[in-house]
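Trainee: I'd like to ask you about the structure that follows.
Any read-out appearing in this document is the output of simple, stated calculations on the displayed coordinates, not a laboratory observation. Just so you know, these numbers come straight off a predicted model, no measurement behind them. Here Cβ is always computed from backbone atoms with ideal geometry, including for glycine, and neighbour counts include all displayed protein chains.
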Amino acid sequence: MADSTTSTVLKVSGISKRFGGLQALSDVNMTISRGQVYGLIGPNGAGKTTFFNVITGLYTPDTGHFELADKPYQPSAVHKVARAGIARTFQNIRLFAEMTALENVMVGRHVRTHSGLIGAVLRTRRFKAEEAAIRERARELLNYVGIAKYADFKARTLSYGDQRRLEIARALATDPQLIALDEPAAGMNATEKVQLRELIDRIRRDGRTILLIEHDVKLVMGLCDRVTVLDYGKPIAEGTPAEVQRNEKVIAAYLGTGGH
Ligand SMILES: Nc1ncnc2c1ncn2[C@@H]1O[C@H](COP(=O)(O)OP(=O)(O)O)[C@@H](O)[C@H]1O
Ligand SMILES: [Mg+2]
């Protein structure tokens, strides 16, 4: 990973995003330190996924400033975001359904290769060596997330929980400084959630930084070092899980919308 000497991975300030008459994000600030699991929580429609879309370049914010590892960072094209060191998963799983699990992870890894399109077309020696290395690394990652036995299965044939793991493997394949997980536990049963928690813990122990959108309060409380709570696009609280949990505004926001 690049820039392992700096302690701040992502720092954003003053992020706003409007869709027509809807202020989806309003002056969001966030500082994520290296090695943290940082939680982003809030009621449905609070702007959490929009925030992910902004930091990964899918949406252009109206205002905002970004720094990645203390350097100015402009989220733009998806492959550039991956090269800059941010990878993500999607709330609505986005895999290549007809490709195998292994191929899905290999696609993630390709953003980090050097021989490029010409090398791929000419099938240069360098390209072939890279391809073999990518395949090897993809197998390791499938093993890491616990789905090695499905390497040659089409992605669409995997269970929901395993598809979420596959998305995490694909994100890890870009060797990210920051991995952003959008509701990774959604649709998982209790056993799968325990395994997911172990996986996220392991990813952190292995030196990565994680930004986590999650509804499951137990998961958030158990995993996160810090949490930001969004409500109608506005950050209403920031702190440790314990601090946030007893914050009056947070309690009101969740009760006011009926929670989840
Ligand atoms: N592309 C878009 N166009 C218009 N409205 C959007 C778009 N994306 C999100 N929104 C709206 O922005 C608000 C925040 O959505 P979202 O970020 O998905 O919330 P969350 O992930 O916290 O549930 C919602 O009201 C949603 O309908
Ligand atoms: Mg969402």
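Trainee: With charges only on Cβ, +1 for K and R and -1 for D and E, what is the dipole size of the chain about its Cα centre, in debye, rounded to 20?
Mentor: The dipole of the chain has a size of about 720 debye.
Trainee: Continuing with the same structure: Starting at the first residue of the range 79-90, write each ³J(HN,Hα) from the Karplus equation 6.51 cos²θ - 1.76 cosθ + 1.60 with θ = phi - 60°, in whole Hz, x for Gly and Pro.
Mentor: 5, 6, 4, 4, 5, 5, x, 10, 10, 8, 10, 10
Trainee: Next question. How do 17, 149 line up, fewest other C-beta atoms within 10 Å first? Before the final figure, lay out each step's value.
Mentor: Details: 17 22, 149 11.
Ascending Cβ contact count within 10 Å gives the list 149, 17.
Trainee: So, one more: Is it possible to state the helix-based mean residue ellipticity at 222 nm for the chain, with each DSSP H run of 4+ residues giving -39500 (n - 2.57), the sum divided by total residues, to the nearest 500 deg cm²/dmol? What is it?
Mentor: Mean residue ellipticity, 222 nm, calculated: -11500 deg cm²/dmol.
Trainee: Take the Cβ-Cβ distance between residue 252 and residue 62 as r, set R0 to 30 Å, and report the resulting FRET efficiency rounded to the nearest 0.05.
Mentor: About 0.65, to the nearest 0.05.
Trainee: Students often forget the sequence filter, so: which lysines lie under 30 Å Cα-Cα from residue 11 once same-chain residues fewer than 8 apart are removed?
Mentor: 48, 71, 80, 193, 218, 234, 249
Trainee: So what's the angle, to the nearest 10 degrees on a 0 to 90 scale, between helix 101-110 and the longest Cα principal axis of the chain?
Mentor: For helix 101-110, the angle is close to 90 degrees.
Trainee: Okay, moving on. Take every Cα pair under 8 Å in the chain that's 6+ residues apart, average their separations, divide by the length, and report that relative contact order as a whole percent.
Mentor: 27 percent
Trainee: Still on this structure, please answer the following. Which value, in debye to the nearest 20, gives the size of the charge dipole of the range 96-175 about its Cα centre, when Lys and Arg are +1 and Asp and Glu are -1 at the Cβ?
Mentor: Charge dipole, the range 96-175, about its Cα centre: 160 debye, nearest 20.
Trainee: Something else now. Once you have the Cα-Cα distance between residue 33 and residue 191, take 0.36 nm times their residue separation minus that, and quote the gain in nm to one decimal.
Mentor: Working: separation 158, 0.36 × 158 = 56.88 nm, distance 2.97 nm.
Full-extension gain reported as 53.9 nm.
Trainee: Next question. For the chain, evaluate the Debye formula with one uniform point scatterer on each Cα (no solvent term) and list log10 I(q)/I(0) at q = 0.10 Å⁻¹, rounded to two decimals.
Mentor: Debye intensities relative to I(0), on a log10 scale: -0.50.
Trainee: To continue, here is another question. Determine ³J(HN,Hα), in whole Hz, for all residues of the range 59-72 in sequence, where each value follows from phi through the Karplus function 6.51 cos²θ - 1.76 cosθ + 1.60 and θ = phi - 60°; x replaces Gly and Pro.
Mentor: 10, 8, x, 6, 9, x, 10, 10, 9, 10, 6, 6, 10, x
Trainee: First measure r as the distance between the Cβ atoms of residue 74 and residue 94, then evaluate 1/(1 + (r/R0)^6) with R0 = 22 Å and state the FRET efficiency to the nearest 0.05.
Mentor: Efficiency at R0 = 22 Å is approximately 0.45.
Trainee: Still on this model: Under 25 °C and 0.890 mPa s, how fast does the range 96-175 diffuse according to Stokes-Einstein, given a Kirkwood radius computed over C-alpha pairs? Answer in µm²/s, whole number.
Mentor: 195 µm²/s
Trainee: Which of 142, 59, 13 sits farthest toward the positive end of the charge dipole of the chain, with +1 on the Cβ of Lys and Arg and -1 on the Cβ of Asp and Glu?
Mentor: Selected residue: 142.
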